[in-house]
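The values are calculated or read from the model by the stated rules, or taken from the named source; none is laboratory data. Since this is a predicted model, take the numbers as computed values, not measurements. Cβ coordinates were reconstructed from backbone atoms using ideal geometry, including for glycine residues, and neighbour counts include every protein chain displayed. Only protein heavy atoms, including side chains, enter the accessible area calculation; ligands, DNA and RNA are left aside. Shrake-Rupley method; radii C 1.70, N 1.55, O 1.52, S 1.80 Å.
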Amino acid sequence: MSEPMAGQAREPAGAGRILVVEDEPKLAALLRDYLRQAGFRVELQADGAAVVGQIRHQPPDLLLLDLMLPGSDGMEICRQVRQFSSLPIIMTTARVEEIDRLLGLELGADDYICKPYSPREVVARVKAVLRRSQPEGLAGGGLQLDALSYRAWLDGRELGLTAVEFKLLALLAGQPGRLFSRSQLMARIYPDDRTVNDRTIDSHIKKLRRKIAAIDPRAELIHSVYGVGYRFEQRSL
């Protein structure tokens with residue numbers, strides 16, 4: 001099934017664009033057809049060595065990335081992309097060892113799907129990750145984020161965040177309930193490999209909490225998990 005079937009939905013001009021990196025032609029075509037049916041624009045790429053350059057030239061809205069690829073494997077592609085981009089990444093693989101799952105997510109992947117999988121499951125996971133990756137206005141509790149200007153408001157009052165503080169808040173608020181380790185936060189906030197440590201993240205979180213509390217002392221948005229990291233969850237004291 002290399003071409004869309006008759007009667008399939010056309011790709012809306014404003015739909016999200018998915019880059020599917022998969023070297024099995026039949027599987028790649030199947031994923032393309034299901035994603036198009038769901039309203040996405042889809043590009044296929046089979047050569048791992050070409051992926052990073054393609055993303056730099058024209059970033060997609062989401063990267064669906066196979067682990068085992070010719071040219072460059074999915075782990076290395078994920079590592080390189082995270083050095084310059086926070087675009088959502090879903091990794092797929094037939095290798096189910098737990099260490100691979102953990103390593104894939106530690107490198108910055110947003111989700112992980114093991115083969116064999118249902119194409120419908122892939123579409124559902126793509127939609128879920130895209131929903132979580134859009135921070136503007138989705139956090140609730142009167143929190144508004146503007147990714148273009150790096151400005152944030154709580155209950156209509158501007159928080160006055162630095163660029164790093166905004167990136168941290170947008171990352172956490174964009175995926176409510178997800179627990180981020182300090183190393184994951186550092187990799188996302190400082191993708192240029194500069195030298196930072198756990199204390200740097202803790203310091204930024206402390207300042208974020210102070211600015212939130214200055215507007216609403218009852219708001220408790222950023223939660224610590226001792227020895228692990230942080231998550232965003234709306235609560236009132």
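Kindly state which strands (runs of 3 or more DSSP E) lie completely within region 1-98 and contain at least 1 residues that are modelled with pLDDT of 85 or more, open to solvent by 10 Å² or more (accessible area, probe 1.4 Å) and closer than 26 Å to Arg131 by Cβ. Steps first, please.
Details: elements: 17-21, 41-45, 62-66, 89-93.
In region 1-98, 17-21, 41-45 are the strands (runs of 3 or more DSSP E) which contain 1 or more residues that are modelled with pLDDT of 85 or more, open to solvent by 10 Å² or more (accessible area, probe 1.4 Å) and closer than 26 Å to Arg131 by Cβ.
Given the condition basic (Lys, Arg) and at pLDDT 85 or above, answer yes or no: does some residue in region 124-144 qualify?
Step one: list which residues in region 124-144 are basic (Lys, Arg), which gives 125, 127, 131-132.
Those left that are additionally at pLDDT 85 or above: 125, 127.
Taking every residue of region 124-144 in turn, at least one turns out to be basic (Lys, Arg) and at pLDDT 85 or above.
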Select from region 99-123 the residues that are crowded, with 18+ Cβ neighbours inside 10 Å, assigned to a helix (DSSP H, G or I) and modelled with pLDDT under 85 and list them in ascending order.
Gly104
